[in-house]
1. Quick check on Ser73: is it in contact with a helix residue (DSSP H, G or I) (Cβ under 6 Å, 6 or more places away or on another chain) and either without any contact (Cβ under 8 Å) to a residue 12 or more places away in the chain or of a type in the set (S, T, N, Q) (or both)?
2. With the checklist (1) modelled with pLDDT of 90 or more; (2) out of contact with any helix residue (DSSP H, G or I) (no Cβ under 7 Å at 6 or more places or on another chain); (3) not β-branched (Val, Ile, Thr) in hand, flag the one item Tyr111 doesn't pass.
3. Could you list, in sequence order, the residues of the range 37-96 that are at pLDDT below 90, of a type in the set (Val, Ile, Thr) and within 13 Å of the chain's Cα centre (by Cα)?
4. Pick from the range 56-79 the residues that are of a type outside the set (Lys, Arg) and part of a helix (DSSP H, G or I): which of them is surrounded by the most Cβ atoms within 10 Å (Cβ to Cβ)?
5. Does Trp89 satisfy the criteria of being assigned to a strand (DSSP E or B) and either of a type outside the set (Lys, Arg) or under 20 Å from Ala128 (Cα atoms) (or both)?
6. Whether any residue in the range 57-74 is of a type in the set (Val, Ile, Thr) and closer than 21 Å to Ala13 by Cα is what I want to check.
7. Taking only pairs six or more apart or across chains, which ones have beta-carbon atoms under 7 Å, a first residue in the range 33-62 that is closer than 13 Å to Phe90 by Cβ, and a second residue that is loosely packed, with under 11 Cβ neighbours inside 10 Å and modelled with pLDDT of 85 or more?
Amino acid sequence: MIHLSYDHQRIAALAHSDDALQWLCNGQPLDWQAILSHWETNILVRDDETDSHALFQFKAPAMWEFHFVAPPSVRGKAAASVILAMLEWFDLTIGHKLFAKCHVENRRVFYIMPSVGFRYRESRDGHAYFERA
């Protein structure tokens, strides 16, 4: 079940785990705690079955950035399935445009993004950018 989450300690543990670092842009964890301090503009959701989390970060009117972190058991098709459920929750709840970015050498993200409805747009400043309308 996908729902809003407020478990800051669990998020920090997942975001700083060795496995999560492989998903991130530059080998450094995303500072989810700093982002989560802005509850009025950023949304965190959790999948209870997999203990996966998605962060929808407000960037501009009708524009959000998508972040995802999951335990090591959630990869490939399992990750895609969870991401799709989270994106469906976002579409039904918020319904704005999403983008995502990753380090240009992060092949895991390049593989999974098209399967969850994002398309590659460009690379610049060492990052690859994806968008989902």
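1. no
2. Looking at each condition in turn, Tyr111 falls short on (1).
3. Ile43, Val45, Val69
4. Applying the first criterion (of a type outside the set (Lys, Arg)) to the range 56-79 yields 56-58, 60-74, 76, 78-79.
This time we only want the ones that are part of a helix (DSSP H, G or I), so: 76, 78-79.
On the way: Gly76: 11, Ala78: 14, Ala79: 21.
In this case the residue turns out to be Ala79.
5. No; evaluated as a whole, the condition is false for this residue.
6. yes
7. Cβ pairs passing all conditions: none.
The values are calculated or read from the model by the stated rules, or taken from the named source; none is laboratory data. Note that the structure is predicted; figures quoted are calculated from it, not measured. Methodologically, a virtual Cβ is constructed for each residue, glycine included, from the backbone with ideal geometry; neighbour enumeration extends over all protein chains shown.
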